[in-house]
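The values are calculated or read from the model by the stated rules, or taken from the named source; none is laboratory data. Bear in mind that the values here come from a model prediction, so they are computed numbers and not experimental data. All Cβ positions, even for glycine, are placed from backbone atoms using ideal geometry, and neighbour counts span all protein chains on display. Surface areas here come from the heavy atoms of the whole protein model, side chains and all, with no ligands, DNA or RNA. Shrake-Rupley method; radii C 1.70, N 1.55, O 1.52, S 1.80 Å.
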Amino acid sequence: ARCQCKMEPKERRNCGYPGITAEQCRKAGCCFNSSVPGVPWCFSPKPKKVRKVCPADPHARINCGFPGITAKECEKKGCCFRSHPAGVPWCFYHRVVEE
């Protein structure tokens, strides 16, 4: 993503080799900006920002517990707990989404 390439020139970590083209650099999953001399032009992007969320769709839940698990036991495992609706896991894993 374009925002992953916005950083100060001094923060750039080399991701290419001398003479790499913009196209070759981007194909390698790196950022390219040749506007500042003396720093890497092909550089590693910032890591993607992600966060954990509990899925809103009850049918998208992936079981993280066992029958009769309590909310406290479930949350201690690092999972989500919602005791409704019937017929789906009440203790279930988070989903990771990009911001």
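Okay, here's what the table says:
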{"quantity": "Qualifying residue in the range 28-49 (condition: outside any loop (DSSP other than H, G, I, E, B) and out of contact with any Cys (no Cβ under 8 Å at 6 or more places or on another chain))", "calculated": "no"}
{"quantity": "Extreme residue, most open to solvent (accessible area, probe 1.4 Å), among residues of the range 47-99 that are more than 23 Å from the chain's Cα centre (by Cα) and among the aliphatic types (A, V, I, L, M)", "calculated": "ALA86"}
{"quantity": "First in the range 26-55 and free of Cβ contacts under 8 Å to residues at least 40 places away in the same chain and under 14 Å from LYS10 (Cβ atoms), second anywhere and assigned to a strand (DSSP E or B) and open to solvent by 90 Å² or more (accessible area, probe 1.4 Å), Cβ under 7 Å, 6 or more apart", "calculated": "PRO40/ASN14; PHE43/ASN14"}
{"quantity": "Close pairs (7 angstrom Cβ cut-off, 6 or more residues apart or separate chains): under 11 Å from PHE43 (Cβ atoms) in the range 2-20, charged (D, E, K, R) anywhere", "calculated": "GLN4/LYS46; GLN4/LYS48; MET7/LYS46"}
{"quantity": "Search result, residues across the range 3-22 that are surrounded by 15 or more Cβ atoms within 10 Å (Cβ to Cβ) and assigned to a loop (DSSP other than H, G, I, E, B)", "calculated": "MET7, ARG12, CYS15, GLY16, ILE20"}
{"quantity": "Filter result for CYS25 (open to solvent by less than 50 Å² (accessible area, probe 1.4 Å) and not in a loop (DSSP other than H, G, I, E, B))", "calculated": "yes"}
